[in-house]
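Notes to accompany the following structure.
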Amino acid sequence: MPVTCSCCGEKRAVLKRPKTGHSLCKECFFRTFEEEVHQTIVSAKLFNQGETVAIGASGGKDSTVLAHVLKVLNERYDYGLKLLLLSVDEGITGYRDDSLETVKRNQQQYELPLKIVSYEELYGWTMDAIVKQVGMKNNCTFCGVFRRQALDRGAMMLKVDKICTGHNADDVAETVLMNFLRGDISRLRRCTAISTTSEGEGLVPRCKPLKYAYEKEIVLYAYFKKLDYFSTECIYSPNAYRGHARAFLKDLEAIRPSAIMDIIHSGENLSFREGVKMPMPGSCSRCGYISSQTLCKSCVLLEGLNRGLPKLGIGKHHRLHGKILAQQPLSEQEERRLKAADF
Amino acid sequence: MCQVDEEYSGLIRSKPSPISYKKCVKCKHGSAVLTIRSGDGFSFKLQLGPFEQYFYFVLQGLSHDASKKLRFIPGIIYVDEGGAIGLSTEERKKTISQLEDIFQNTSYPYHIVPFEEIFRLPASVLETMRPTSDHSVSSYKWAVAQFTQDIRTGQSRESRDPSLEDCFSGLDTRDWSQKLPPSADHTEALKLLFASVKTLTAKEDLLQTLRLHLILYVARQAGYTKIMVGDSCSRLAVKLLSSIALGRGAALAMDTGFSDPRYDDVIIVRPMRDYSSKEIAFYNRMFSVPSVFSPSLDTMAPDKASIQRLTETFLTKLQTDFPSTVSTIYRTSEKLHTAHPPQSSDAHPAARCLLCLCALDTTADDCSALHATLQSEWLSQNRGRGNSPVASGPNSAPDQCCSSVRGCATSVGGGGGGSCCSSSNQMPVSSDLMALLCYSCRLTIKDMATVATLPQYVVTEADRRKRR
């Protein structure tokens, strides 16, 4: 016997919502999904009338759904936002070049302006070149640090007021777990925030309108809407530790589907002892980007690449910052430790 | 009454430094000597159940070394959960007789309490007692003065607070040492209770919560002001991570801290939290500490049977790949503190969870995981309303609506000011109950087929709070 939609009670249900367990028909699912994102945007006061908002677009399911939903909601509820797509080209052959093609198609489908910033133009290095020097290990560190800054730089070039990213509930829950496992208190404190203010993570405020949307529902939404998205894993080594957290989260979700929201709830309600040291935000003395050290992470990584010492930015080498700033050579012993491991 | 506090601080100081501890792991001869030292505080310790079974036992004090002698007389509380797990009467009797042998050798008072006793608990166990000490300097001084006076009058043993006895004078006082077997009715009720819980995750959570109530009651009856539990850092790491997954983030510090003040008059302390389960196992082996194995709810269960179980498996595996996992998690927990300090809840006694007695974490603002979930549930089952609830004031409408679906903490008083849309009242029985619970306890109760099987004291106290 076909199950009827628990919302309209008429049409046949096509899916069971992973988030609540209700069976819904296609139309009701679209409506509730969009409505929930709208509720998140309104209750968290993510946008103001007339703002220019860049959508961090990778061509993947999350950012494609985000771009689609934001465009729909912007028209439906008259947010008065000027939306545009912002993509980062890491320079990964066989991965990013293909996904950027998707973004370019999205640009036409949604009629939104698109800006692509590439690692090559910003840093003079593509990820392919970095991996050639660094190897398969630790290259995610470079990519992650550079992407964060690349998005900000792109956003500043476009003079946008806000960046929104496609992080979903699964991503947030996974980050809570991972930061907890790593004991990273300052990130644990920040990671559940739906938006960052300018003194937080980057220079341009960021927000996650899909923070409470389950990954599974995003996939279903993209599937039923027949959205054009790109789904391939990055060809370079995935982050092993995050992989553990992800696998654990999936198992938890299988046992109790609400676990994802429960973890976010936990993260939102954690509070920390007074007097736990938090890094003080400052700015990088070389590029001016926000940094808790004298040099920002991406400048250190870049310096390491340019000096042929890729490990300079991996781990903690704050003591060497003075030497880097003064353009002094490192001692032989220091150099030996920071060279790429021989294979 | 607080003299025991003093003793604990002594214990903490006598802890071996991490460096000497490392040495002792490396060299076997050294280890024995150092362990004896660290063991001074707990000259004799019971580790029941070698397979990480939850057993709440009271650690033993009184060293042979007179200079560090502990000056309190401990008692042992053992909760026999056989009825909840479904063990036969013979199995339970066998375990208890083994335990009694061990307990008798200690010559300390002991209380073997069948889990069935939860059906005879008074509702007062869930009431918030007046806070006896606010940990200020003056109260500390008072406690010290009280202690020295106690010594002089020679009543240091299990010093009972006379005012505490007043609290209990109205209750029916039972002698736990009567060792009456639990009545068949209660065993049946216990079976029904656990059968009505649909998931192992919720079963484990409920067992733990109700057991604490029982221990709390026994402790109050016997006049104990501290409950020591044997949580090791390995177990606490599992508890921390599973608590996160169960939505207990707000209560994390209380659940796992060195001292847990949520019951006000009885404080739960975890003196073993600096030791790993491995160290404890070694200690027990070297000193031939007797132990008894007894199965628990998840014994023999598959790895993915419950969230708690999954977390344990996950952490054990992660620990082998990344050996610092447990200690990192454990150190993270030390940087946490309770979201809503219990002292402040004095003015609003209703703002505590009915079951776990932690401050309610359900009064979150509009942009929160709780609110988003309620919103999703509401949107998924309300037809025809279209966009109206959203369009008509997004900040106020959902609040009123959700209180009818699951009960918002904000409308504990009921009614909710008339504008409440009385749509789907799915769970008329438990929606009232839900309002009295914290986020995580709601999840547990949600996994129950019926709340009619809950022990009477929970229902009575819920009614009392609702009337307030």
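All of the numbers you see were taken from the coordinates with simple rules; none came from a lab. Everything numeric here is computed off the predicted structure, so don't read it as measured data. So basically every Cβ, Gly included, is an ideal-geometry build from the backbone, and we count neighbours across all protein chains shown.
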message = With the crude spin-label approximation of a point 7 Å out along Cα→Cβ, what separation in nm comes out for A:ASN48 versus B:THR363?
response = 3.0
remark   = Under the 7 Å Cα-to-Cβ spin-label approximation, A:SER331 and A:LYS250 lie apart by a distance in nanometres of 4.8
task = Measure off 7 Å from each Cα along the Cα-to-Cβ vector at A:ARG307 and A:LYS104, then give the distance between these two points in nanometres to one decimal.
result = 3.9
task = Could you work out the longest stretch of chain A that avoids the GluC sites (Glu not before Pro) located in DSSP loops with at most 13 other Cβ atoms within 10 Å?
result = A:11-110
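What is the average number of partner chain Cβ atoms found within 10 Å of a Cβ in B:237-250?
On the way: counts 1, 0, 0, 1, 6, 1, 1, 13, 15, 8, 12, 4, 13, 6.
What the average comes to for B:237-250 is 6.
Could you work out the relative contact order of region A:1-127? I mean the mean sequence separation of Cα pairs under 8 Å and 6+ apart, divided by the number of residues, in percent.
Over region A:1-127, the number comes to 18 percent.
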ask   = Applying 1/(1 + (r/R0)^6) with R0 = 22 Å to the Cβ-Cβ distance of B:SER327 and A:ARG319, what FRET efficiency is obtained, to the nearest 0.05?
value = 0.25
Whether region B:222-285 is rounded, prolate or oblate, judged on the alpha carbon gyration tensor where a/c under 1.5 counts as rounded = oblate
inquiry  = Using a Förster radius of 56 Å, what is the FRET efficiency between B:GLN98 and B:ARG467 based on their Cβ-Cβ separation? Nearest 0.05, please.
reply    = 0.75
query = Considering amide H positions built from the backbone, and no H for Pro or chain starts, which residues 5 or more places from A:LYS82, or on another chain, come under 5 Å of its amide H?
reply = A:GLU51, A:THR52, A:VAL53
ask   = Rounded to the nearest 20 Debye, what is the dipole magnitude of chain A about its Cα centre when Lys and Arg each give +1 and Asp and Glu each give -1 at the C-beta?
value = 560
Cross-link table B:LYS203/B:LYS446; A:LYS250/B:LYS239; A:LYS137/A:LYS323; A:LYS16/A:LYS250; A:LYS61/A:LYS208, entries beyond 21 Å C-alpha to C-alpha = A:LYS137/A:LYS323
Chain A - percent relative contact order, Cα under 8 Å, separation 6 or more = 17
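Just want to confirm a number: the relative contact order over region A:104-178, from Cα pairs under 8 angstrom separated by 6+ residues, in percent.
The value is 25 percent.
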query = Whose amide H sits under 5 Å from the amide H of B:MET448, counting only residues 5 or more places off or on another chain, with H placed in the peptide plane?
reply = B:LYS198
task = Quote to one decimal, in nm, the extra length available between A:ASP184 and A:ARG273 on full extension: 0.36 nm per residue of separation minus the C-alpha distance between them.
result = 30.6 nm
